[in-house]
1. Can you give the mean number of other chain Cβ atoms that lie within 10 Å of the Cβ atoms in peptide D:163-175?
2. Just check chain D against the gyration tensor rule for me: Cα atoms, a ≥ b ≥ c as the square roots of the eigenvalues, rounded for a/c under 1.5, and otherwise prolate or oblate depending on whether a/b exceeds b/c.
3. Sort shortest first the distances from B:Thr150 to its counterpart in every other copy, using label points 7 Å along the Cα-to-beta-carbon line, and give them in nm.
4. Along each of its three principal axes, how wide is the spread of alpha-carbon positions in the range A:16-67, in whole angstrom units, largest first?
5. Could you work out the relative contact order of the range B:96-192? I mean the mean sequence separation of Cα pairs under 8 Å and 6+ apart, divided by the number of residues, in percent.
6. Would you mind giving the mean number of other chain beta-carbons within 10 Å of the Cβ of each residue in A:25-32, as a whole number?
7. About the Cα centre of the range A:102-176, how large is the charge dipole given +1 on each Lys and Arg Cβ and -1 on each Asp and Glu Cβ? Please answer in debye to the nearest 20.
8. Residues with beta-carbon under 10 Å from that of C:Pro68, excluding C:Pro68: net charge, scoring Lys, Arg +1 and Asp, Glu -1?
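The values are calculated or read from the model by the stated rules, or taken from the named source; none is laboratory data. Every value quoted in this text rests on a predicted model; they were computed, and no experiment measured them. With ideal geometry, Cβ positions are generated from the backbone for all residues, glycine too; neighbour counts draw on all protein chains shown. The protein model used for the area step is the full one, side chains on, heavy atoms only, and it has no ligands, DNA or RNA in it. Shrake-Rupley method; radii C 1.70, N 1.55, O 1.52, S 1.80 Å.
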4 protein chains.
Amino acid sequence: MKLQTPIIIVNFKTYLESTGQKAVELAKNAEKASKETGATIVVAPQFVDIARVAEAVEIPVFAQHIDPIKPGNSTGHILAEAVKEAGAIGTLINHAERQLKISEIEAIISLTREKGLVSCVCANNPTTCAGVAAMRPDIVSFEPPELIGTGIAVSKAQPQIVTDTVNLVRKVNSEVTILCGAGVSQSEDVFVALKLGTQGVLVASGIVKAKDQYSILRAFADATKQ
Amino acid sequence: MKLQTPIIIVNFKTYLESTGQKAVELAKNAEKASKETGATIVVAPQFVDIARVAEAVEIPVFAQHIDPIKPGNSTGHILAEAVKEAGAIGTLINHAERQLKISEIEAIISLTREKGLVSCVCANNPTTCAGVAAMRPDIVSFEPPELIGTGIAVSKAQPQIVTDTVNLVRKVNSEVTILCGAGVSQSEDVFVALKLGTQGVLVASGIVKAKDQYSILRAFADATKQ
Amino acid sequence: MKLQTPIIIVNFKTYLESTGQKAVELAKNAEKASKETGATIVVAPQFVDIARVAEAVEIPVFAQHIDPIKPGNSTGHILAEAVKEAGAIGTLINHAERQLKISEIEAIISLTREKGLVSCVCANNPTTCAGVAAMRPDIVSFEPPELIGTGIAVSKAQPQIVTDTVNLVRKVNSEVTILCGAGVSQSEDVFVALKLGTQGVLVASGIVKAKDQYSILRAFADATKQ
Amino acid sequence: MKLQTPIIIVNFKTYLESTGQKAVELAKNAEKASKETGATIVVAPQFVDIARVAEAVEIPVFAQHIDPIKPGNSTGHILAEAVKEAGAIGTLINHAERQLKISEIEAIISLTREKGLVSCVCANNPTTCAGVAAMRPDIVSFEPPELIGTGIAVSKAQPQIVTDTVNLVRKVNSEVTILCGAGVSQSEDVFVALKLGTQGVLVASGIVKAKDQYSILRAFADATKQ
């Protein structure tokens, strides 16, 4: 499965504003913005909410993480088969808040390929992004941890580092989709991110904590079509 | 919330035989055995299946793990509020396959108390069980890792260690419910576990991988009523 | 081996002021203060410095951590036999900066007993201290992480919590030595800690970062003799 | 600092046969073989043995791991400055027995560069090796975990995978030194490894557990000169 770029991935994290019934509502707003504009919007709810979100909307649903395991003895872990059965078509991997060993990242990328899931691996700086890209996931997402949740967008605060990331990643992988995230909160941040050579954004609090989630989603979606 | 003892907790782990629609079927069989006998049977499905299982049955549903976090920036983690909203009334903690730092165990026990969830902390030997019990969870479950999944029941293979565990735990905590697990696969194992001073069992493959899940569940339930 | 109480343990952490040759000097100052006063002072240098510190002084030397491993395939880990051969007679376990799974803590306590090493397990609050104490180490050290390195002593800032810790620990273990730490920087902090029912302190920056390490060590040693 | 290729790195792990005084003897044998043949032999003893080994021999000494930390509050961790002060000139990173998050690997590589230490990052398969190589360490070492300690050399058992690794690594990094390891126990294994395009081997039990450590070391050294 290949998602059409540009891509906006909305990470629901573990905010109460995106838990349970509110996860479904947020996903429906994302679907509305996507349908109205033709923009690709992916939603990544908590594990417990994947099934009801996937049932409620037709836009792509990602898990926030999966574990590098086979079915069996793995109490408390996240099974690729289970999130897929619940309706997810891809997963975040190695988010700054759920960091993994490099051997686990490689094993999960391999597992997603085997199961037909889309892999989006996050990394914290240009060099780590290059390391990730060399392992050939579908998507690499650059997120400097110090900007996460600040409202100061990486694309505006560190344009040179975004460009460096794109360049370093392209040296080792000409095909991977490149996103950036952290602090993305205005439609202009999305526009700038695309101008800097990325194919989209990973966003969380900028959407989830917004008073009017739909309006921001719609503005982000419009920005990908400029 | 206080569960009536004896208790049988069925840990669905990440077996395909207890994923998705099969999780719902297994939970329904557990509910049937529980209703017919009056025995307390708890089901612990994967996170993605909690909501549909909780919707399908009236017996208690546990998560297999929760994280010691507050709502917010915790991508890929398990939020107490989210599993509760999905219908879980308790959680396993520190299963041998999902071991935790001691400070995390204490924080999760405290969190479950705050959120009105039942805490069941697993531990690998009598001394660790005593350590866990001193932190005052609702339930302690003794599971020697070397017997997990073997079909050789701890209650039959290591009766003295089960007795030692009960004694050590009672020295530091007179109220905690004590379960044992690992290898439990026959109704006699349940009967012996209770005779040794425990208040129930934690079981996984013995039920999940059984050809006739209902029959074993019913035999286990009957054993708690002897 | 049993250390005479009260005990002052000086944790060298990874400060440059207590690395290499400076570790030896600090240990010599601790030895001087100990010999002059008769107070028990233990030094816990970095792994690479254990051998030269143990060669230079006669006071007890602890490792800052050991791993729950047997000799063999454990690249990059800390072997009990190796730190003992280098001259350590005990070890810190589960320091707030090196937290462990509860099964690891139990395994390390068991290993120290087998190898004749003194075990000092740290924990972050009264309940966790009780959990640790129930696993029967030689020493429990209560350290609230939020005060570590602040210069605000736990014994002065949270006297009630120190008393609670002593009470909770004593309910499950009448013999374990109880220390407290975090922010300890003045001799009065040591004095108050002992008055609250502990048998000593665990101190780091209060000594290591002091301009005159010897003077503070001597004042601490004197405080244990009041 | 740049080591002359081919390189033999002897990982002492935590074997008793390479602990304490025996670590010094093994290092002296390695030095003898190195001086007699001109081959580059690096020794990687346990942390507690670095100082005495570095004092006893003139060949390069590596740590088995360092942590991505600055001096300060990191009890129980491995400080680059401390291992360097003790005499190490480089370090293994991410050994199969001490695996790290990708962000940690990147941070440690960066730290070694800053401190003038040689970085040797281990990885478990060709893809992970490419990921590591893209982060530009000095050395990448390919070690399939399933062969570690078996005496079945990767270079003999999986020649195609060694070649694949060399090819994948070279696509993203033309300069990095490539080693292979796991099961290396005969001089022929070293010879084959070099023929397959690597610049040396990482070896542990093949040397450490040998009855005559010097003879094997000498044979390995000779094999690098054929």
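1. 1
2. Judged from the Cα gyration tensor, chain D comes out oblate (a/c at least 1.5, b/c at or above a/b).
3. Ordered by increasing distance: 2.6, 4.8, 5.4 nm.
4. Between the extreme Cα coordinates on each principal axis of the range A:16-67 lie 32, 23, 17 Å.
5. That works out to 29 percent.
6. Neighbouring Cβ atoms belonging to other protein chains average 0 per residue here.
7. Magnitude of the dipole: close to 180 debye.
8. Value of the local net charge: -1.
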